[in-house]
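Note sheet for the following structure.
Throughout, read-outs are computed from the coordinates displayed, never taken from laboratory work. A quick note: this is a predicted structure, and the numbers were derived from the prediction, not measured. Cβ placement follows ideal geometry from the backbone for every residue including glycine, while neighbour counts extend to all protein chains displayed.
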Amino acid sequence: MWIIKRIQQEPVMFQGLLQASFALLAGFGVISLTQDQMGLIFAFTASLLAFITRQAVTPLTDPRDSNGHRLVPRDLN
């Protein structure tokens, strides 16, 4: 399922594509949506994909490697 992996890797891009697609289809009359329905679709997709984005970019409070060892910043001096 490459699409799920792609959404997990690029959730913001997918959100923009999804919302733009709905706006385009509604704008050209392919689908009939009211402004309220468009607003609900945008709110839902934004909140859903914000959840996915947060999982992908939120730093850990106690980062560890795959062996359980703490990750510490490297001394650059």
### Query
Taking Asp62 and the conditions (1) surrounded by 10 or more Cβ atoms within 10 Å (Cβ to Cβ); (2) touching a Lys or Arg at 6+ places or on another chain (Cβ under 9 Å), which numbered condition does it fall short on, given that it satisfies the others?
(1)
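Suppose we filter Ile3, Ile52, Ile7 for residues that are outside any loop (DSSP other than H, G, I, E, B) and in contact with a Phe, Trp or Tyr (Cβ under 7 Å, 6 or more places away or on another chain); which single one remains? Step through it out loud before you land on a result.
Details: Ile3 fails: in contact with a Phe, Trp or Tyr (Cβ under 7 Å, 6 or more places away or on another chain); Ile52 fails: in contact with a Phe, Trp or Tyr (Cβ under 7 Å, 6 or more places away or on another chain).
Every option except Ile7 fails the conditions.
For Arg74, state whether it is part of a helix (DSSP H, G or I) and among the charged types (D, E, K, R).
Numbers: part of a helix (DSSP H, G or I): no; among the charged types (D, E, K, R): yes.
It is false that Arg74 is part of a helix (DSSP H, G or I) and among the charged types (D, E, K, R).
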### Message
Take Arg64 and tell me if it is over 20 Å from Leu17 (Cα atoms) and either in contact with an Asp or Glu (Cβ under 9 Å, 6 or more places away or on another chain) or touching a residue at least 60 places away in the same chain (Cβ under 8 Å) (or both).
### Response
no
